[in-house]
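Accompanying notes for the structure given below.
The values are calculated or read from the model by the stated rules, or taken from the named source; none is laboratory data. Here the structure is a predicted model, which is why all the values come from computation and not from measurement. Cβ: placed from backbone, ideal geometry, glycine included. Neighbour counts: every protein chain shown. Heavy atoms of the whole protein, side chains included, go into the accessibility calculation; ligands, DNA and RNA do not. Shrake-Rupley method; radii C 1.70, N 1.55, O 1.52, S 1.80 Å.
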Amino acid sequence: MTAKSSAPFSPKEIAAEGLKPEEYEEIVRRLGRHPNKAELGMFGVMWSEHCCYKNSRPLLKQFPTTGPRILVGPGENAGVVDLGDGLQLAFKIESHNHPSAVEPFQGAATGVGGILRDIFTMGARPIALLNSLRFGSLEDAKTQRLFQGVVAGISHYGNCVGVPTVGGEVYFDPAYSGNPLVNVMALGLMETPEIVKSGASGIGNPVLYVGSTTGRDGMGGASFASAELTDESIDDRPAVQVGDPFLEKSLIEACLEAFKTGAVVAAQDMGAAGITCSTSEMAAKGGVGIELDLDKIPARELGMVPYEYLLSESQERMLFVAHQGREQELIDIFHRWGLQAVVAGTVIPEPIVRILFEGGIAAEIPADALAENTPLYHRELLAEPPEYARQAWEWRADSLPDCITAGIEIQGSLQTWNDILLTLLDTPTIASKSWVYRQYDHQVQNNTVIFPGGADAAVVRLRPLEPLPTSPVSAGGNKAVAATVDCNPRYVYLDPYEGAKAVVAEAARNLSCVGAEPLAVTDNLNFGSPEKPIGYWQLAEACRGLAEGCQELATPVTGGNVSLYNETLDSQGNPQPIYPTPVVGMVGLIPDINKICGQAWQTAGDGIYLLGLLPTSDESLGASEYLATIHGTVAGRPAKVNFDWERRIQKVCREGIRAGWIRSAHDCAEGGLAIALAESCITGKLGAQITLEIPANQPTRLDTLLFGEGGGQILVSVASEQQEIWESYLEEHLGQQWQKLGTVANSGVGLGVLTSDNQTLINATINDMMDRYSHAIARRLAIHITTPS
């Protein structure tokens, strides 16, 4: 008997569960029979890309995952690193892209709730959140609705649950117009004597369902997250979960209290695929089985059937395995916090997931078939880069108009370098994100050392709420953790391999700019369809670049998330993929919280130095924000990363901060040197007088010097009395790979940039720069609101 000849489901019904015909055949082969409706749904969600990584798993194997500080790597709810003195940090990043495209407020809010559960499921108290967001053009009304909804959802959940949102990034590009990206990263400090794992064990041990009730919200969310968005996706609102941050706050406290009793054997949050995922993963990881009775599950709606119970993604729910005889102790804790807690099942010796309902067996599937032994697709890589990339790589800077000291002629009109600087500062991707982070509570818990917008990375004091069972240090000493999320998607689009390496390098550079030693990475791979040759080439090449970058900078990957099929089908059915966006979340250790710095100039008279060389190759304009915004061209290639140089420059920056020489540090990223200078002026409310030494033997375009994005450059300021010892240190450790650019000036001077022969390139006031930079996003939203429809 074949699956095709007598399948109880039509091809349309099978496809509706996200399964391919050949995958259905494999299900029949493994079960030795056709699945029932509930089992088909279980396979559909567990074999989705969102849950089993069937297209990306072979590529992820090349990531470095071990190191002297790695306590927990990929495979658990979150990675854990050792910070010394008994301090252990759990951290992870997750995406909620598709739900946020359909229902931005709840999609983003439940993304925050989900990543927090990954953290406290390990036994860690959440201490910080960051987010990495991508939207279409902010001139578009639909983008504005999505943008405002996502920011409101993040702020609602994070503010209510009492975890500070301390940092992040926001990009705007038409490539994301129909498919925004919402990636959320969370950090937590371990509070339990042992790290809580998810593998079930102990035959006969009770299985507890705790937290909220189960309803029909979030039905099939994992499958929904593994398909392209279409014009009809708005009908999938039931696949978007609804969150309750106040209930989650109680769940955090109840779980941490429960873990400290020692009565919990294993724990798993119910995220994607809900009960199906938690039961099958806990069973498979423990090499045992789980029998669960749906009649015991607290339901919030009447008439629910097994399919609905098993695929519901109702929020704020967990599954525990408890030591036999101690279940009532745990139930009492959850009831005291006003939460549900019931014994709903038991650990069994057969390695299966058996689901009971109304006295019968509703589903019975080998746990491995759902959670471990899932389909795997080894796709063929293009023999050569695709045509779009080859064409982009042919771009040369000499195709641009000639530069003169006064500026550059664009479409028949002379644009001064001042004009271009102010235009770039007004670009939403570069401009201040204060409209966003002013809605977030970034001070709750009172451990945020540097506020959003003040530095290249967030800095959070490590202060346990109570003495750590593993530490002789009761209050964490003077240590802090730094965290950042980074990705320049245009770089990765134009050259996935080099672009991905640049993502890792920039993340590490941002941490070094606050004085932190980079430790480890969690990544969120946001890509289009891997079933298309270009999509798979982008994914494979980016993974190769990430792996090399993490290896070179000794920042192992502890886990992360893969979000594929980020494509929007237009009304004609043509897929429009996003830019490939491998977001890197990186954490670093600050040994002494008193030795950090931000990006703002501190005092007039301080010397301004560039660690690294000015970009002199005109190809530094390739892939740049200047080229895209001013010239409307997305072409060229990102600069190749020199990891030996990155390690040296970043170490010099960290050592300079710890020695007390460096008073501010800011890496040169989007917009190049001119934007980095302007941002330090704006945040410090001080000016700068800069002289650019142009090599006589190397003729260089002026726009290259000002706006080229060469990578590997850090802008620092040093007190005048420290400059002699600082320059001696630079000569010893960087040779000639540095330059003194000028001095910090009073605010009335603004930003002045001269050539070495005293020609003025830029002369911008603090007020003009601040107006463009600070109000760019709010101004666009206000324009839309006041414009008649």
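Here are some notes:
- Screening the candidates Leu138, Leu129, Leu133, Leu146 for the property of being within 15 Å of the chain's Cα centre (by Cα), at pLDDT 95 or above and farther than 21 Å from His50 by Cα yields one hit, Leu129.
- When segment 512-524 is filtered for residues that are in contact with a helix residue (DSSP H, G or I) (Cβ under 8 Å, 6 or more places away or on another chain), of a type outside the set (Gly, Ala, Ser) and crowded, with 24+ Cβ neighbours inside 10 Å, the ones remaining, listed by number, are Cys513, Val514, Pro518, Val521, Asp523.
- Selection over segment 587-632 of residues that are closer than 25 Å to Cys681 by Cα and assigned to a helix (DSSP H, G or I) gives a count of 8.
- Tally of residues being open to solvent by 30 Å² or more (accessible area, probe 1.4 Å) and either without any contact (Cβ under 8 Å) to a residue 24 or more places away in the chain or farther than 25 Å from Ala540 by Cβ (or both) across segment 71-85: 4
- Residue ranges of helices (runs of 4 or more DSSP H) in segment 645-764 with at least 3 members touching a strand residue (DSSP E or B) at 6+ places or on another chain (Cβ under 8 Å) and surrounded by fewer than 21 Cβ atoms within 10 Å (Cβ to Cβ): 723-734
- Residue in segment 257-264 that is at pLDDT below 95, in contact with a strand residue (DSSP E or B) (Cβ under 8 Å, 6 or more places away or on another chain) and either under 27 Å from Pro74 (Cβ atoms) or of a type in the set (Gly, Ala, Ser) (or both) present: no
- Matching residues, segment 541-561, being within 21 Å of Pro385 (Cα to Cα) and surrounded by fewer than 22 Cβ atoms within 10 Å (Cβ to Cβ): Arg544, Ala547, Glu548
- Selection over segment 357-378 of residues that are within 29 Å of the chain's Cα centre (by Cα) and open to solvent by less than 70 Å² (accessible area, probe 1.4 Å) gives a count of 6.
- For segment 197-206, the criterion of being surrounded by 22 or more Cβ atoms within 10 Å (Cβ to Cβ) and in a loop (DSSP other than H, G, I, E, B) is met by at least one residue.
- Of all residues in segment 40-63 being at pLDDT 95 or above and surrounded by fewer than 18 Cβ atoms within 10 Å (Cβ to Cβ), the one that is nearest to Met270 (Cα to Cα): Lys61
Residue by residue, here is whether (1) among the β-branched types (Val, Ile, Thr); (2) in contact with a Gly (Cβ under 7 Å, 6 or more places away or on another chain); (3) closer than 29 Å to His50 by Cα holds:
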{"site": "Val353", "(1), (2), (3)": "yes, yes, yes"}
{"site": "Leu356", "(1), (2), (3)": "no, no, yes"}
{"site": "Ile361", "(1), (2), (3)": "yes, no, yes"}
{"site": "His378", "(1), (2), (3)": "no, no, yes"}
{"site": "Leu381", "(1), (2), (3)": "no, no, yes"}
{"site": "Pro386", "(1), (2), (3)": "no, no, yes"}
{"site": "Arg390", "(1), (2), (3)": "no, no, no"}
{"site": "Ile404", "(1), (2), (3)": "yes, no, no"}
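- Any hit, segment 426-433, residues being of a type in the set (S, T, N, Q) and free of Cβ contacts under 8 Å to residues at least 40 places away in the same chain: no
- Those residues of segment 124-174 which are of a type in the set (Gly, Ala, Ser), surrounded by fewer than 21 Cβ atoms within 10 Å (Cβ to Cβ) and in contact with a Gly (Cβ under 9 Å, 6 or more places away or on another chain), in sequence order: Gly149
The rows are residues; the columns are (1) modelled with pLDDT of 95 or more; (2) out of contact with any Gly (no Cβ under 6 Å at 6 or more places or on another chain); (3) under 16 Å from Gly598 (Cβ atoms).
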{"residue": "Gln650", "(1), (2), (3)": "yes, yes, no"}
{"residue": "Leu677", "(1), (2), (3)": "yes, yes, yes"}
{"residue": "Pro699", "(1), (2), (3)": "no, yes, no"}
{"residue": "Val716", "(1), (2), (3)": "yes, yes, yes"}
{"residue": "Ile725", "(1), (2), (3)": "yes, yes, no"}
{"residue": "Leu730", "(1), (2), (3)": "yes, yes, no"}
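Each row is one residue, and each column tells you yes or no for (1) closer than 30 Å to Arg772 by Cα; (2) of a type in the set (Asp, Glu).
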{"position": "Ala688", "(1), (2)": "yes, no"}
{"position": "Gln723", "(1), (2)": "no, no"}
{"position": "Glu727", "(1), (2)": "no, yes"}
{"position": "Glu731", "(1), (2)": "no, yes"}
{"position": "Leu734", "(1), (2)": "no, no"}
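- Failed condition for Ile355, given (1) of a type outside the set (Asp, Glu); (2) in contact with a Phe, Trp or Tyr (Cβ under 9 Å, 6 or more places away or on another chain); (3) within 17 Å of Gly286 (Cα to Cα): (3)
- Test result for Gly107, touching a His at 6+ places or on another chain (Cβ under 8 Å), of a type outside the set (Asp, Glu) and surrounded by 24 or more Cβ atoms within 10 Å (Cβ to Cβ): yes
- Of all residues in segment 562-620 being over 27 Å from Pro174 (Cα atoms) and among the charged types (D, E, K, R), the one that is surrounded by the most Cβ atoms within 10 Å (Cβ to Cβ): Asp606
- Residue within segment 741-748 that is among the hydroxyl-bearing types (Ser, Thr, Tyr), under 27 Å from Leu414 (Cβ atoms) and either at pLDDT below 95 or in contact with an Asp or Glu (Cβ under 9 Å, 6 or more places away or on another chain) (or both) present: no
- Among the strands (runs of 3 or more DSSP E) confined to segment 538-586, the ones with at least 3 residues that are at pLDDT 95 or above are located at 557-563.
- Considering (1) farther than 25 Å from Val182 by Cα; (2) modelled with pLDDT under 95, the lone condition that Gly75 does not fulfil carries the number (1).
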